[in-house]
């Protein structure tokens, strides 16, 4: 089974997505919330995953950042690997071609979101 790709993202990506997904007048407030995730572990990646799940909603972003502070994997899985994570450990029971399809589909949706 092929492993899921891992996004290579930066603080510049975080700022770009904040500017893209939130009104300009909320920029400072959103950045304060996003920067509430202070962990050095996967910082930009987790911040972007939280932004993706929040979908432009500041209250949802607060919730996702709080979740990330408890366990960042609870944010990464549904944001980066939504279809794969729905299957949980049962994905290993799927046909290898179906596993590959799920991995490719999850990666395509993430890249499309990030690059839009």
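For the reader, a short list of remarks on this structure follows.
- The number of residues in segment 95-106 being surrounded by 13 or more Cβ atoms within 10 Å (Cβ to Cβ) and more than 21 Å from residue 64 (Cα to Cα) comes to 7.
- Among the residues of segment 27-61, the ones that are modelled with pLDDT of 95 or more and surrounded by 16 or more Cβ atoms within 10 Å (Cβ to Cβ) come to 18 in all.
- Selected residue (criterion: modelled with the highest pLDDT) from residues of segment 78-94 that are crowded, with 17+ Cβ neighbours inside 10 Å and farther than 14 Å from residue 54 by Cα: 81
The values are calculated or read from the model by the stated rules, or taken from the named source; none is laboratory data. Treat the numbers as computed from the prediction; the structure is a model and nothing was measured. No Cβ is skipped: glycine too gets one built from the backbone with ideal geometry, and neighbour counts run over all protein chains shown.
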